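Working notes for the structure below.
The values are calculated or read from the model by the stated rules, or taken from the named source; none is laboratory data. Only a predicted model underlies this, so the values are computations on that prediction, with no experimental measurement involved. Glycine also receives a Cβ, built like all others from the backbone with ideal geometry; neighbour counts cover every protein chain displayed.
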Amino acid sequence: MTSIEHSTGFLVVRTARSMKKNLDSRLSELGITSSQAHVLSTLNQEDGLPLSSIGKKVFLDKPAITGLADRLEKDGLVERRRTPIDRRVIRLFLTSKGKAVITHYETVIQEIDNDIVSALSTDELSEFRNILNKVWQNNNEPTLAK
C-alpha cells in the first residue's frame, strides 16, 4: 500500500464508499438512493424545511439538493411549496407515499448497519462511533483565531 492508502482519510472514505454502495444496492429495491433516504429522514424529523436548510443538513450544495428534490418530487415522495411571505423560499414536505417509504427503508438501513459492524463488540462499536464523531467535530469546528 502507498502512504495515502494508510492515511486516516483514505481509510474512512474507502469504508464509507463501500458502505454506501451496499446501502444503495439494497435501497434500490425500494426505488431510492441513500442520498434520497437521507433527505426523507431529515424531512421526517422536521417536515417543511427550506431546500437550502435540507442541503446543509445532508451536506449537499444547492445544485445537488435541487436535483435530488426534483427526483423525489417526480417520484411522488415530496412536494414543493413556496413560502407566501418570500416566494423565493421553497419548502419540501413529505407526501403520504414518502412517509410510507420511510417505514420500509429504516429496517433496511438498520439491517445493513448491523451487518457492517457485526465484527465489532458493543463496546468497540460505541467507541468507534465516538471516535468518528470526535474526528468529525475536530475537522468541522471553526478554528479559533489566535
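Structural remarks
- For V13, the criteria (1) in a loop (DSSP other than H, G, I, E, B); (2) out of contact with any Phe, Trp or Tyr (no Cβ under 8 Å at 6 or more places or on another chain); (3) β-branched (V, I, T) hold in every case but one, which is (1).
- Residues in region 82-99 that are of a type in the set (A, V, I, L, M, F, W, C) and in contact with a strand residue (DSSP E or B) (Cβ under 9 Å, 6 or more places away or on another chain) were compared, and the one that is surrounded by the most Cβ atoms within 10 Å (Cβ to Cβ) is L92.
- All positions within region 24-75 that are more than 18 Å from K99 (Cβ to Cβ) and touching a Gly at 6+ places or on another chain (Cβ under 8 Å): D61, K62, A64, I65
- Residues of region 31-40 classified as among the small types (G, A, S) and at pLDDT 95 or above, total: 0
- Checklist (1) exposed (fewer than 14 other Cβ atoms within 10 Å of the Cβ); (2) within 18 Å of the chain's Cα centre (by Cα); (3) part of a helix (DSSP H, G or I); (4) modelled with pLDDT of 90 or more applied to I102, failing item: (1)
- Wholly enclosed helices (runs of 4 or more DSSP H) of region 22-78 bearing at least 2 residues in contact (Cβ under 8 Å) with a residue 24 or more places away in the chain, of a type in the set (A, V, I, L, M, F, W, C) and within 26 Å of I116 (Cα to Cα): 34-45
- Counting the residues of region 65-81 that are loosely packed, with under 13 Cβ neighbours inside 10 Å and touching a strand residue (DSSP E or B) at 6+ places or on another chain (Cβ under 6 Å) gives 1.
- Residue count for region 26-44, restricted to those that are more than 10 Å from the chain's Cα centre (by Cα) and more than 17 Å from R91 (Cβ to Cβ): 7
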